[in-house]
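Below: one structure, written as structure tokens.
Only the coordinates and a few stated rules stand behind these numbers; no lab work does. In this text the structure is predicted, and so the values were computed from the model without any measurement. Backbone-built Cβ (ideal geometry, glycine too); neighbour counts: all protein chains shown.
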Amino acid sequence: MTAREVKIAEIEKAVKALCVRANTVLRPDVLEALEEIHGKEKEGTLAKKMLGILLENAGIAAEERIPICQDTGMVTVFIEMGKDVVVRDGRLPDAVNRGVEQAYEEGCFRKSVVEDPLMRNNTGTNTPAVIHMDIVDGDTMAVSVIPKGFGSENKSRISMLDPTCGPERIIDFCVETVRIAGPDACPPYILGVGLGGTMESCAALAKKALLRPINEPNRKPHIAELERGIKERANALGIGIMGLGGGATVMGVNIEEAPTHIAGLPVAVNLSCHALRSGSAVI
Amino acid sequence: MDENTVALLSAGDEVLLSGIVYTARDQAHLRISVMMKDRETLPVDLKGQVIYYCGPTPPGDRVIGSCGPTTSSRMDAFTPMLLEAGVKGMIGKGRRSAAVIEAVKRRHGVYFLAPAGAGAYLSRRVTACGIAAFEDLGPEAIYRLKVEDFPLVVGIDCKGRYIYDKICN
């Protein structure tokens with residue numbers, strides 16, 4: 001197998017385009033879910049009116065090419081790198097960060113990244129991005145960006161459950177996460193859930209789970225059942241949009257699972273607001 | 001915002017706000033609180049004013065970029081102090097602490113909820129925007145916004161009634 005060359009400039013261009021699109025055009029699966037929730041909500045309620053505003057907001061953002069939300073997030077990038085790809089002309093992380101920087105400058109997005117967590121000095125570029133990379137078979141690279149706001153990131157949680165805990169305890173933890181977030185983090189929510197792995201890989205898995213369309217259940221039936229169980233019980237909380245009640249507290253639950261240790265059952269919930277933004281491309 | 005207007009509002013009411021609001025979020029609150037403790041003169045006279053918890057995106061060739069509310073609870077620690085100093089109202093999203101609710105009642109203030117995650121929609125209700133203070137804070141600077149028919153819901157009214165007592169415990 002001969003190696004395929006990918007130039008740094010191509011990666012930079014792809015990351016830039018993905019960031020611009022993700023921040024201005026709502027994902028079709030999310031838009032569809034919002035339309036469905038809006039359709040089901042009782043006529044004349046404040047919840048229905050606010051859901052209507054969200055649909056209008058998505059239209060304005062796409063039409064005027066302005067961000068769906070002012071919190072254009074900190075960018076996480078997942079790269080599945082084909083083992084036969086050779087990156088030419090520079091370093092991969094530099095290309096990713098230049099792509100992010102250009103998108104945020106030219107797209108008029110908010111620069112929300114600070115260089116030091118205590119000194120709080122803004123980097124002015126919305127970089128660095130957080131980059132996760134896996135090596136896979138093939139000679140292409142799949143790049144996914146997820147620019148996520150911190151209103152919902154702040155309400156995300158992780159727990160190291162006992163290995164003998166069954167699905168009910170997992171559901172309890174996920175539902176408790178939604179209850180704690182309450183109306184604060186822009187419901188109706190989408191839950192990215194990581195199951196298994198180690199503490200840090202479980203958290204990354206939870207974020208990665210948010211990349212999958214929310215109308216596409218996990219391929220394993222027992223995990224898909226768990227997704228349905230979490231969604232059903234979380235919606236029974238009755239928080240609704242802005243905490244105004246109504247039927248929709250959670251729009252979707254995506255679980256990604258991974259092998260783990262005999263002594264543990266890590267569970268992470270990466271909570272997303274209703275404006276879940278991401279995009280993927282293959283180079 | 002004057003006393004009489006505030007007195008008319010009840011938790012759960014829908015309101016269209018027109019007039020001037022000042023943005024301030026985490027770092028602006030922290031800086032104001034330090035200045036107040038040091039008895040320094042604030043760069044903006046906040047008496048009778050409404051604070052909007054918002055860090056807008058850059059305007060480009062528009063009046064303002066996307067400009068929805070950020071999570072109010074992060075400002076809870078500073079809010080009673082600002083109300084004591086004469087701030088009349090706040091706009092944000094989500095819950096407030098018991099101390100904030102109590103301070104709103106004591107000072108006859110008001111807390112509004114803005115549609116959360118609808119920054120593009122709200123940008124059309126802003127007719128003017130300029131830096132008022134703390135320019136070095138970038139997106140966290142204090143901006144003076146002129147809003148027209150800004151759609152809000154009363155979250156806490158001047159009698160201390162709280163919207164989430166009724167519909168979300």
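Just how many % of Cα pairs in the range A:108-252 lie over 27 Å apart, if you round to the nearest whole percent?
So the pairs more than 27 Å apart make up 31 percent of the total in the range A:108-252.
If I stretch the segment between A:GLU115 and A:ARG91 completely, what's the gain in nm (0.36 nm per residue apart, minus their alpha carbon distance), one decimal? Walk me through the intermediate numbers first.
Details: separation 24, 0.36 × 24 = 8.64 nm, distance 2.07 nm.
Roughly 6.6 nm would be gained on extension.
Which order do the peptides A:150-162, A:6-18, A:245-257 take when ranked by the mean count of other beta-carbon atoms within 10 Å per residue, highest first?
Numbers: A:150-162: 18.2, A:6-18: 20.1, A:245-257: 23.1.
Peptide ranking by packing, descending: A:245-257, A:6-18, A:150-162.
Cα convex hull of chain A: how many Å³ per residue? Don't skip to the answer; put the middle values down first.
Working: hull volume 38.6 nm³, N = 283.
Spelled out: Cα convex hull of chain A, divided by residues, is 136 Å³.
May I ask for the Kirkwood hydrodynamic radius of the range A:76-158, worked out over all distinct Cα pairs and given in angstroms to one decimal? Mind dumping the intermediate values first?
Details: mean 1/r = 0.0692 Å⁻¹.
That comes to 14.5 Å for the range A:76-158.
For A:LYS42, list the lysines whose Cα falls under 21 Å from its own Cα; do not include residues on the same chain fewer than 8 positions away.
A:LYS231, B:LYS166
Can you compute the helix-only [θ] at 222 nm over chain B? Use -39500 (n - 2.57) per DSSP H run of at least 4 residues, normalise by all residues, nearest 500 deg cm²/dmol.
After summing the helix terms and dividing by residue count, I get -6500 deg cm²/dmol.
Give the cross-link partners of A:LYS155 among the aspartates and glutamates, using a straight C-alpha distance below 14 Å as the criterion and excluding same-chain residues fewer than 8 apart.
Partners within reach: A:GLU176, A:ASP184.
Restrict the search to the range A:89-152; then list the trypsin sites (Lys or Arg not before Pro) that DSSP places in a loop and that have at most 13 other Cβ atoms within 10 Å of their Cβ.
Counting only loop positions with at most 13 other Cβ atoms within 10 Å, the trypsin sites (Lys or Arg not before Pro) in the range A:89-152 are A:ARG91, A:ARG120.
Per residue, how big is the convex hull around the C-alpha atoms of the range A:134-175? Give it to me in cubic angstrom, could you? Could you put the intermediate results ahead of the total?
Values: hull volume 5.9 nm³, N = 42.
That works out to 140 Å³ per residue.
Just for the range A:45-166, what percent of DSSP beta bridges are antiparallel, to the closest 5?
55 percent
Setting aside same-chain residues fewer than 8 positions from B:LYS105, which aspartates and glutamates have a Cα under 16 Å from its Cα?
B:ASP2, B:GLU3, B:ASP76, B:GLU84, B:ASP157, B:ASP165
Given A:LYS148/A:LYS208; A:LYS13/A:LYS83; A:LYS40/A:LYS207, which pairs have Cα atoms separated by over 19 Å? Intermediate values should be presented prior to the final figure.
Numbers: A:LYS148/A:LYS208 12 Å; A:LYS13/A:LYS83 21 Å; A:LYS40/A:LYS207 29 Å.
Where the Cα-Cα span goes over 19 Å, the pairs concerned are A:LYS13/A:LYS83; A:LYS40/A:LYS207.
So what is the relative contact order of chain B, in percent, for Cα pairs below 8 Å that sit 6 or more residues apart? List each step's numbers first, then the result.
On the way: 389 pairs, mean separation 55.8, N = 169.
Computed over chain B, the figure is 33 percent.
Size of the range A:4-148 along its principal axes in angstrom, Cα-based, largest extent first?
Each principal axis gives a Cα extent; for the range A:4-148 these are 58, 41, 27 Å.
Test of understanding: express the Cα radius of gyration of the range B:3-162 as a ratio to 2.2 N^0.38 Å, with N the residue count. Can you show the working numbers first?
Details: Rg = 14.5 Å, N = 160, 2.2 N^0.38 = 15.1 Å.
Ratio of Cα Rg to 2.2 N^0.38 Å: 0.96.
Express the relative contact order of chain A as a whole percentage, based on alpha carbon pairs under 8 Å and six or more residues apart in sequence. Can you show the working numbers first?
Details: 608 pairs, mean separation 74.1, N = 283.
Relative contact order of chain A: 26 percent.
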